[in-house]
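The values are calculated or read from the model by the stated rules, or taken from the named source; none is laboratory data. These figures come from a predicted structure and were not determined experimentally. Cβ placement follows ideal geometry from the backbone for every residue including glycine, while neighbour counts extend to all protein chains displayed. All accessible areas refer to the heavy atoms of the entire protein, side chains included, with ligands and DNA or RNA removed. Shrake-Rupley method; radii C 1.70, N 1.55, O 1.52, S 1.80 Å.
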Amino acid sequence: MPSSLLVAGITVVLFALLPEVAFSKDTANNDYLAELQQHARKIKLSEQRVWHLLLKYNPRFFGAVVSEADGMDFFNAPDGKTNPESELSATLASFFLPSDQLKKNKEHPQCNFPARFKWLDQQLKFDTNRLRIQVCDRLDRWVNELDPVGVTLVFATYYLNNPASMFGHTLVRIDSRDRGGERKLTNYGANYAAIPDTDNPFLYAWRGLTGAFEGRFAIFPYYTKVQEYNNLESRDLWEYELNFTEDQLNTMLLHLWELGDTYFDYYYFQENCSYHVLSLFEIAKPELRLKDRFFFSVIPADTVKIVMEQDNLVRNVVYRPSILSQMNQKRHAMTNVQEQILQRIVKAEISLESDEFTRLSTQSQVLLLDTYMDYLQHQSMQQKNNHEVKIPHSVLLTRSRLQVAEEKTNAVTHFSSPPDHGHGADRLRIGMGHNDQEPFMEFAYRPAYHDLMARDEGYDKDSEIIFMDFKLRYFLESRRVRLDQARLLSITALNPYDSLFFKPAWRMDLNIDTLRDRNCNYCNVIKGSYGRGISYRPAFFSPLLLFTFLDLRTEFSDHLERDYRIGGDVEMGTYYDFNNHLRIKLSGSYQAFILGEHKRFFTSHVVTRYAFSQNLDIRLEFNRYDHNNEGIFAVNYYF
């Protein structure tokens, strides 16, 4: 037989057999897939906690579940958002997808969902002779670049200029093998945040409360967040280095990869930055149940407390002060004379060549120059169009001539306190009191956050945020229950006067209150106010704080003439701390309404607080509104 005929015959036979070989391979794949799906159902894999964590399932009524993830590409089954078993079967099936059937520029499901693949492989022991393991180049490069040996929970302190950061912010730092010690800033961070589509603060707040923003995870160089928080916004950072094994870190990283292509409806008080950061830690170590204690709200500081409560989870706590805190630490060490010279240098009243400066000791010159350079750096950062640090050459030259290193001290002055030291965000209040007519009992609850009479460890000591604070009173003689007050949102930033950085104090308040300056059987009024003022503290940590405000006020009630009144008030007052337990507040105001109902009257308040612990205090209050008086004794419990 000619050789050409032999080759042709073999070719015909091979082409005839190829469909049968392909069919045999597909049949084998289908058989193995069916085996895996059947075994998964038998051992009830879809009911296990880890599967629910991976798919973000939350329980609902009557045994139902629903995933928090809202991007449908996160699921393999059409009903995967609500059906864990269907999603598990579809996920297993996706792992068998031939590479030539992938859509253009799409990763294989084994590469898209590596955390699920890893866990299912651990549970089902995949036979690599029957399931082809895909090569995931992008994923491998990403994991190798991050190369985690640790993870750090980072808390950025409160920032009242941004509604999303009023309660602080949490993110994670991924600590790589070769980026330790002085190179920690070169690590990567992971952050969950809303993607806003408006700059309007009221619309921002509303959309954040109703879940109208998309929330997404992002990876970024950690130093960019240090630049943003520490330098641009002058926020201290608290870093909590956590204990996880390298395998646990790998699982968390693979899950973070899965989250990169999906989104969640962002809820300001529930599914926020802190909530989803906790979910990463639960993925790494499923026996942790960090989210279970939260019901209505998830506050960043409370998530830090939960983490701190876990046995052996936190390895170390590091304080990273902002550039402003670093400067204030140096100012705190100055004498009055040195502080005055610094202010004159800043105001360009004296130069660095003047006798007033050069006759100082070398150590004093070093302290002043280092502080002045911190000031110049801070001012440069506040220029929105250019964050380049601008320090004049003459200043750098003068400092370089002083061959003295900056004096280091082990006693670091903290201008913020660790968030885990703060009281609980929720507050329950029970009190008894008496007004001019009758005695009453008082019951109040608020889910957030902090008022100026509470102990301020863990909080910004010069600000308060009160949200949804509802107070009921039961009047013993008239035997009725009335809504005494509902503070929907109240924010105060006292911003004590600083000769180098003047920021006015400000406050705003929106509430339903009792109309206290008249006798109308405890009728209610809707109030709104906004004010500016100034406050003064003699020294950084002085127990005395003085304040004054000028407010614009509007009130609406059908118990008022013309149903409204518009005016303003002037208030002056003081806070004084006798010690960590005892604080007193004295204040008085003059209110004048010139539109709608015309009225003028004085108010005065005396409040004394004694704290038995961070979460328990008692208060004695005396309030006078025009000619109406009341006294109250109350117990406050924070949790």
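The table below lists the values:
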{"quantity": "Neighbour-limited loop hits for chymotrypsin sites (Phe, Trp or Tyr not before Pro), the stretch 225-314 (at most 12 other Cβ within 10 Å; DSSP other than H, G, I, E, B)", "calculated": "F295, F296"}
{"quantity": "Area of T608 that stays accessible when all protein chains are in place (1.4 Å probe, Å², to 10)", "calculated": "50"}
{"quantity": "Electrostatic dipole magnitude of the stretch 33-135 [Cβ: Lys, Arg +1; Asp, Glu -1; Cα centre; debye, to 20]", "calculated": "160"}
{"quantity": "Solvent-accessible surface ranking, highest first, for R427, R562 at 1.4 angstrom", "calculated": "R562, R427"}
{"quantity": "Percent accessible area from carbon and sulfur atoms, the chain, protein chains only, probe 1.4 Å", "calculated": "56"}
{"quantity": "Square roots of five times the Cα gyration tensor eigenvalues for the stretch 547-639, Å", "calculated": "32, 15, 12"}
{"quantity": "Aspartates and glutamates whose Cα lies under 14 Å from that of K225, excluding same-chain neighbours fewer than 8 positions away", "calculated": "E233, D236, E239"}
{"quantity": "Degrees between helix 114-124 axis and first principal axis of the chain (Cα, 0 to 90, nearest 10)", "calculated": "60"}
{"quantity": "Most positive-pole-ward Cα, V66, T128, Q101, against dipole of the stretch 33-135 from beta carbon charges", "calculated": "T128"}
{"quantity": "Charged-residue dipole, Cβ positions (Lys, Arg, Asp, Glu), the stretch 323-401 about Cα centre, Debye nearest 20", "calculated": "140"}
{"quantity": "Sparse-neighbour loop sites [trypsin sites (Lys or Arg not before Pro); the stretch 462-491; at most 13 other C-beta within 10 Å; DSSP]", "calculated": "R479"}
{"quantity": "Long-range amide H partners of V151 with built H, under 5 Å", "calculated": "D175, L242, F244"}
{"quantity": "Hull volume in cubic angstrom per residue (convex hull over the Cα atoms of the chain)", "calculated": "230"}
{"quantity": "Neighbourhood charge, 9 Å Cβ-Cβ cut-off, centred on N187 and excluding it, Lys, Arg +1 and Asp, Glu -1", "calculated": "+3"}
{"quantity": "The stretch 323-401: relative contact order in percent, alpha carbon pairs under 8 Å with at least 6 residues between", "calculated": "31"}
{"quantity": "Chymotrypsin sites (Phe, Trp or Tyr not before Pro) restricted to DSSP loop in the stretch 515-581 with at most 16 other C-beta within 10 Å", "calculated": "F540, F541, F578"}
{"quantity": "Mean Cβ count within 10 Å, highest first, over the residues of peptides 319-331, 132-144", "calculated": "319-331, 132-144"}
{"quantity": "Over 26 Å between alpha carbons, listed pairs K118/K291; K56/K125; K461/K503; K291/K527; K118/K285", "calculated": "K291/K527"}
{"quantity": "The chain - percent relative contact order, Cα under 8 Å, separation 6 or more", "calculated": "8"}
{"quantity": "Gyration tensor verdict on the stretch 33-135 (Cα atoms; rounded if a/c is under 1.5, prolate if a/b is larger than b/c, oblate otherwise)", "calculated": "oblate"}
{"quantity": "Surface/4 of the Cα convex hull for the stretch 431-572, nm²", "calculated": "9.8"}
{"quantity": "Dipole magnitude of the stretch 422-638, debye to nearest 20 (Cβ charges: Lys/Arg +1, Asp/Glu -1, about Cα centre)", "calculated": "40"}
{"quantity": "Solvent exposure of the chain as accessible area per residue, Å², 1.4 Å probe", "calculated": "50"}
{"quantity": "Where no second cysteine Cβ lies under 4.7 Å, the cysteines concerned in the chain", "calculated": "C273"}
